[in-house]
Amino acid sequence: KARVAIVISGEGSNMAALLYASRLPTSPYEVVLVASNNPDAPGLALAAAEGVPTWSQSHRGMSREAFDDALHAALAAARPDAVALAGYMRILTPGFVEKWRGRLLNIHPSLLPLYPGLDTHARAIAAGDSSGGCTVHLVTDEVDSGDILGQLAVAIRPGDTPETLAARVRLAEHQLYPSTLGAYVSRHEDAGWIEAQVDALTADLAEVS
Ligand code: GAR
C-alpha cells in the first residue's frame, strides 16, 4: 500500500474521510501520519484516537521557512509516498513545494479554476452560479493551481447561504478526496513511482537528521 501523510489545520473532516476510506479492504493507501500547524486542531485528537501517529507544532513566532522546514522533517520521517493537504490553511513556501513536487495534493472548495483563495462559496452564490463544488489538484507555487486530478459539482439551491452550500460541498469532498487520492497513488505505484520516491526520501532524511 502507498503511504500517505495528511496535513490539516482544523476540523479534519476530510482527513477523517481519507482515514476511514483507507481502512476499506480495497484501499490502495494507508495513512501514516497526520500533521498540523495547530496543536488544538480537533482532527489531531480524532487521528490519535484512531491510532494514527500525529505531529503538531504551532507556526506562531516562526518564520514561514523555519516552520516549513520543521513540517518537512516531520513528514520525511514518516516516509510518505504522497502528502494530502486537507483543510491546511497556510500557503507553503516554494522550497517546501519543490521537495514534494508531484506527490503533494490539495482539496479546494470550488470548481477550479473558478474561485481560488478564500470565501469560495460566497463568491459562487454572489456570481449567480448554478453550481459550486470541489477540486483535488496537485500543489504548485501558485495558490490553488496545478494539475486538476478530480472535481465534483454541487448544485446551488435557491436560498443557499455560504454555510448551507459549504455543508453540501463538504459531503462531496468526502467522496472525491479518497477516490481521487487512491486513483493517483495507484497510477503511480503501477509506474514504479513509489520505489523512486522512497529512495529520494531516504536521501532527504539523511540530510535533515
Ligand atoms: C474544506 O472545505 C476544504 O476544502 C477547505 O477547508 C475545509 C476544511 O475542512 N480548504 C481550503 O479552503 C484550503 N484553502 P475539514 O478540516 O473539515 O477537512
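Each value in this text was obtained by applying a stated rule to the coordinates, not by laboratory testing. Note that this is a predicted model, so its numbers are computed, not measured. Counting neighbours? That spans all protein chains shown, and the Cβs are built from the backbone with ideal geometry, glycine included.
Taking segment 96-140 as the region of interest, how many residues are assigned to a helix (DSSP H, G or I) and small (G, A, S)?
Counting residues in segment 96-140 that are assigned to a helix (DSSP H, G or I) and small (G, A, S) gives 3.
Do we find a residue being in a helix (DSSP H, G or I), closer than 20 Å to V31 by Cβ and in contact with a Lys or Arg (Cβ under 9 Å, 6 or more places away or on another chain) anywhere in segment 50-71?
no
Could you list all residues from segment 10-28 that are over 21 Å from L171 (Cα atoms) and either under 13 Å from the mean Cα position of the chain (by Cα) or surrounded by 15 or more Cβ atoms within 10 Å (Cβ to Cβ) (or both)?
The answer is P28, and nothing else.
Might you let me know whether segment 98-119 holds any residue that is away from the ligand (no atom under 16 Å from the Cβ) and in contact with a strand residue (DSSP E or B) (Cβ under 6 Å, 6 or more places away or on another chain)?
yes
For segment 3-24, how many residues meet the condition of being in a strand (DSSP E or B) and near the ligand (Cβ under 8 Å from one of its atoms)?
So the count comes out to 1.
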